[in-house]
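The values are calculated or read from the model by the stated rules, or taken from the named source; none is laboratory data. What you see is a predicted model; the values in this text were computed from it and never measured. So basically every Cβ, Gly included, is an ideal-geometry build from the backbone, and we count neighbours across all protein chains shown.
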């Protein structure tokens, strides 16, 4: 809001680039030192003067050119300190509406977000939740900034794990168990196969080179599936239907949806065609066993990535190559974002390398957003070993624990909204790349940096508005007359709310919902400090009451919008 005005002012005065100024502007440690600070060290070389002399000179020049939104600029050593017009800022904040923070910078450009993407035949566990929730939040952020966002659920309906499940299905299926509890029966079959296989490889993308009796049986089943063998396809269809039912239960609990849910197998033919094109161009080569590979990094020629197996079935890269090509053909995307586990970094580096070497026009518009692991205690979850915690069970338990907490505190609130919100927040408040150690105590605490704390702060503000007599925002004057001097808690809350539009843009730029999550926590802290220091309902001073009620309502709007971008619901009572 005001920061952009300051940036424009400094561009004209210093001739620096917008990005340079944007990255240098700071928030002083105390209100007395101003609202924004600009260090002048960057101008030392250009001006050939000491930074404090430059700052002093610029302060004298800028005081003549300050827009009405700023009341003062002064130099303090090498810094320029700017003081905003609190009255103008307050009037702007008090007049915000439900669209606060939205922007048209996206200009309807198409952004594809490939996220969640569970494997058919495997249950969704806590390892899936990060990709699902981060991807959903990114979608919401892009929508908010006027991009045309398209959510893709790229289902793992082919690949070696499918071959393994088909064999396990034939050998060990318990039909009654499949009818009663398909998710756990399929998990049992997969774990049993992996024990027989005795492979130490943890990532399926690394299994292309494994020469193991059981692994080779799985590869043969994939070959039969690609050839259209009826018996194999029928088993695949049973596995697919059972899995989708389990996925939908989880997505319903999370309130997550997609525009397009397509399996990897859909892109097999196109992927193989592009591999053949790569062979003709000389990019892809055939090894002695008949497998087709390419070298992603010329500096490391020994590192081969197979894009067709020796039996001519598709590898994981084959499907992803075909999918990227078809997606661009269909959507003409501005950007394609893949949100996955960080252990797939090398896979996506290989994919992007292939597309660039083939000179596809969209190759530089593909981005990988990797996330770290999530642990209960010190264990990394592994489907292969059966060491998992089902996501549906976690969400149901979160709701139960939230209900217990609500009853214990004798408060109100929807347990499901509190429970799911707590899970989402504990994941989104961390940088995606960082690992998370999950604990129920941390997630469901109504104090501190948690989802329930933010929801409770919103409910507290709603309670104030409810208790106010005759408060109707639509009938209030847009500009409430300021007849009292603003106290620090009011100023801090006004300034924090004003930061929200910039926070949303920064979150999109960094592909990081944690920017919004941690802003929301700081906003809640500042609101609660304001709440304890500044009585809102005041029969003796109606003008002060009117001002503070509108400020509380502005906080509600801002917090609601921030939580919406995180996929967390708000409640008027808790």
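Here are some notes:
- Residues within the stretch 497-506 that are touching a helix residue (DSSP H, G or I) at 6+ places or on another chain (Cβ under 8 Å), part of a helix (DSSP H, G or I) and more than 17 Å from residue 87 (Cβ to Cβ), tallied: 5
Quick grid of which residues meet (1) touching a strand residue (DSSP E or B) at 6+ places or on another chain (Cβ under 8 Å); (2) closer than 24 Å to residue 342 by Cα; (3) in a helix (DSSP H, G or I):
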| site | (1), (2), (3) |
| --- | --- |
| 392 | no, yes, yes |
| 402 | no, no, yes |
| 427 | yes, yes, yes |
| 433 | yes, yes, no |
| 441 | no, no, yes |
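- All of 390, 454, 428 fail the test of being modelled with pLDDT under 80, outside the structural domain of residue 338 (by TED's automatic domain parsing) and within 23 Å of the chain's Cα centre (by Cα), apart from 390.
- Meets criteria (part of a helix (DSSP H, G or I), more than 20 Å from residue 373 (Cα to Cα), in the same structural domain as residue 524 (by TED's automatic domain parsing) and at pLDDT below 90) for residue 412: no
- Residues of the stretch 313-358 satisfying the condition of being more than 24 Å from the chain's Cα centre (by Cα), assigned to a loop (DSSP other than H, G, I, E, B) and surrounded by fewer than 19 Cβ atoms within 10 Å (Cβ to Cβ): 358
- Residue 151 being surrounded by 21 or more Cβ atoms within 10 Å (Cβ to Cβ) and modelled with pLDDT of 90 or more: yes
- Pick from the stretch 325-377, criterion touching a strand residue (DSSP E or B) at 6+ places or on another chain (Cβ under 8 Å) and on the phi > 0 side of the Ramachandran plot, ranking: modelled with the lowest pLDDT: 377
- For residue 274, the conditions (1) touching a strand residue (DSSP E or B) at 6+ places or on another chain (Cβ under 8 Å); (2) modelled with pLDDT of 95 or more all hold with the exception of (1).
- Here residue 109 clears all of (1) in contact (Cβ under 8 Å) with a residue 40 or more places away in the chain; (2) within 13 Å of the chain's Cα centre (by Cα) except the condition numbered (2).
- Any chance residue 161 is touching a helix residue (DSSP H, G or I) at 6+ places or on another chain (Cβ under 7 Å), closer than 19 Å to residue 248 by Cα and touching a residue at least 40 places away in the same chain (Cβ under 8 Å): no
- Among the residues of the stretch 507-558, those that are surrounded by 20 or more Cβ atoms within 10 Å (Cβ to Cβ) and outside any helix (DSSP H, G or I) comprise 512, 513.
- Filter pass, residue 108 being part of a helix (DSSP H, G or I) and not assigned by TED's automatic domain parsing to the domain that holds residue 509: no
- Pick from the stretch 15-27, criterion in contact (Cβ under 8 Å) with a residue 12 or more places away in the chain and touching a strand residue (DSSP E or B) at 6+ places or on another chain (Cβ under 9 Å), ranking: farthest from residue 489 (Cα to Cα): 21
- With respect to the conditions (1) modelled with pLDDT of 95 or more; (2) over 20 Å from residue 131 (Cβ atoms); (3) touching a helix residue (DSSP H, G or I) at 6+ places or on another chain (Cβ under 9 Å), residue 306 falls short on a single one, namely (1).
- Residues located in the stretch 28-59, provided they are in contact with a strand residue (DSSP E or B) (Cβ under 7 Å, 6 or more places away or on another chain), under 25 Å from residue 94 (Cα atoms) and surrounded by fewer than 17 Cβ atoms within 10 Å (Cβ to Cβ): 28, 33
- Yes/no for residue 249 being surrounded by fewer than 18 Cβ atoms within 10 Å (Cβ to Cβ) and over 25 Å from residue 356 (Cα atoms): yes
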